[in-house]
Every structure is written in C-alpha cells, then in structure tokens.
Amino acid sequence: MKFLKSSKKPVEADDEELLAIYRNTGDLNVLARLYERYMSLVYGVCLKYLKDEEQSKDAVMQIFEQLLVKVNRYEIKQFKSWLYTLSRNFCLMQLRADKKWEQESLDGVMELAVDLHPEYEDLQEDIQALERCKAKLPQAQKVTINMFYLDEKCYKEIAETTGYTLNEVKSAIQNGKRNLKICLEKTREH
C-alpha cells in the first residue's frame, strides 16, 4: 500500500491521514482499511434500525459503496461520527423505501423530513418535491439548510464557512425550514 505524506505504517495512520491518502491517491485499499475499523459500528447501527441480520450485512456493503462517492463530496472532520450518521441515514431511507417503518420510530430522528412531508407515499416524489422547493429558497437559506441538515455542520461551523453571523445562520435555517414546509404543503395540495 502506497502512502503519501505519511511516514507512519498503515496500521498506525489515523482516520484523517487515511482519508487524506485516499483522496490523494484514490487507492481503494486505503478506504477499505479505514472502513474496516468501523464495520462493526456500521453493522450495529444497521441491525438497530433494520432488525434483520442479512439485511444489515447487505447494508454494510451498500454503505461502503456510498462511501466511495460521498467521501470526496464532503468535508469530513470526524470520520467515525460522519460514518455513523451516513449509516443511520442509509438505514432510515431503506426503511422508508421498504415501507416497513412506523411514524413513531422516526419522530425526532428525521425532524426535517418527517415534519415537512409525513404523508407522502413515494420516496422519489418526496425527494423531487423537496429538491424543487429547496431550489426556490434564497441563497443564504439554501446554503445554511444544506450545511446544517445534509453536511451536519453546527451553527458555528456554518458561520465560519459562510461568513454569516451566528444569528444570521440561525435565522436563515429557521426561515428556510419554514419556507420549505410552506412550499411542500402547497405541493401536496396540487
């Protein structure tokens, strides 16, 4: 295994180093080594939500496939917690797609998604409607909503990245959430 900018042996490299090496080289062995560290965590998360061993094993592999794409799209500061969130979201989407979930089990976990469109039947329609509504948001709301809900950044990180004040970030997220809700309600009426 080839390591750039690191004199440590592969076993000694920390998560951030492995992530940087993978991003620089595209070496799947490096990403696999990093993922291997947390496979039991991912499996545990999947088992918790999916409640099926075989489905959870399949999910562990599918999450690795998602990782191949998503690891280069996001700024990841703490890989373990980011992977946990990715795994949880994957499982929730699986449950939703399989229509095996009940509303109570998702309350509080997917606050935005549940609050905005709990009655939609088809996941693809949900996603398309949300994307159309998100595209209509003012830029500040769109950026802060994406960073807060999709990238899972805290207010402070969003403020540092965007240059907005903490109050502007909070306001943009609240207004964006309200505007998304209004837009999605109008979509449901049609």
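Things worth noting here:
- Only one entry in Val60, Val69 is free of Cβ contacts under 8 Å to residues at least 40 places away in the same chain, closer than 27 Å to Lys156 by Cα and either touching a Lys or Arg at 6+ places or on another chain (Cβ under 9 Å) or not acidic (Asp, Glu) (or both), namely Val69.
- Members of the range 19-46 found to be without any contact (Cβ under 8 Å) to a residue 24 or more places away in the chain, hydrophobic (A, V, I, L, M, F, W, C) and in contact with a Lys or Arg (Cβ under 9 Å, 6 or more places away or on another chain), listed by number: Ala20, Ile21
Here is a yes/no grid of residues against (1) outside the structural domain of Ile173 (by TED's automatic domain parsing); (2) modelled with pLDDT of 90 or more; (3) surrounded by fewer than 19 Cβ atoms within 10 Å (Cβ to Cβ); (4) among the aromatic types (Phe, Trp, Tyr):
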site	(1), (2), (3), (4)
Ser7	yes, no, yes, no
Tyr35	yes, yes, no, yes
Gly44	yes, yes, yes, no
Leu116	no, no, no, no
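- Ser81 fulfils the conditions (1) within 27 Å of Thr161 (Cβ to Cβ); (2) surrounded by 13 or more Cβ atoms within 10 Å (Cβ to Cβ) except for a single criterion, (2).
- Given (1) more than 25 Å from Lys70 (Cβ to Cβ); (2) surrounded by 16 or more Cβ atoms within 10 Å (Cβ to Cβ), index of the condition Ile158 fails: (1)
- Tally, over the range 46-57, of residues that are among the aliphatic types (A, V, I, L, M) and either loosely packed, with under 13 Cβ neighbours inside 10 Å or closer than 29 Å to Ile158 by Cβ (or both): 0
- Among the residues of the range 124-155, those identified as farther than 26 Å from Ser81 by Cα, at pLDDT below 80 and loosely packed, with under 15 Cβ neighbours inside 10 Å are Gln124, Glu125, Gln128.
The values are calculated or read from the model by the stated rules, or taken from the named source; none is laboratory data. Please read these numbers as outputs of a predicted model, since none were measured by experiment. Because the Cβ atoms are built from the backbone with ideal geometry, glycine has one as well, and the counts that use them run over all protein chains shown.
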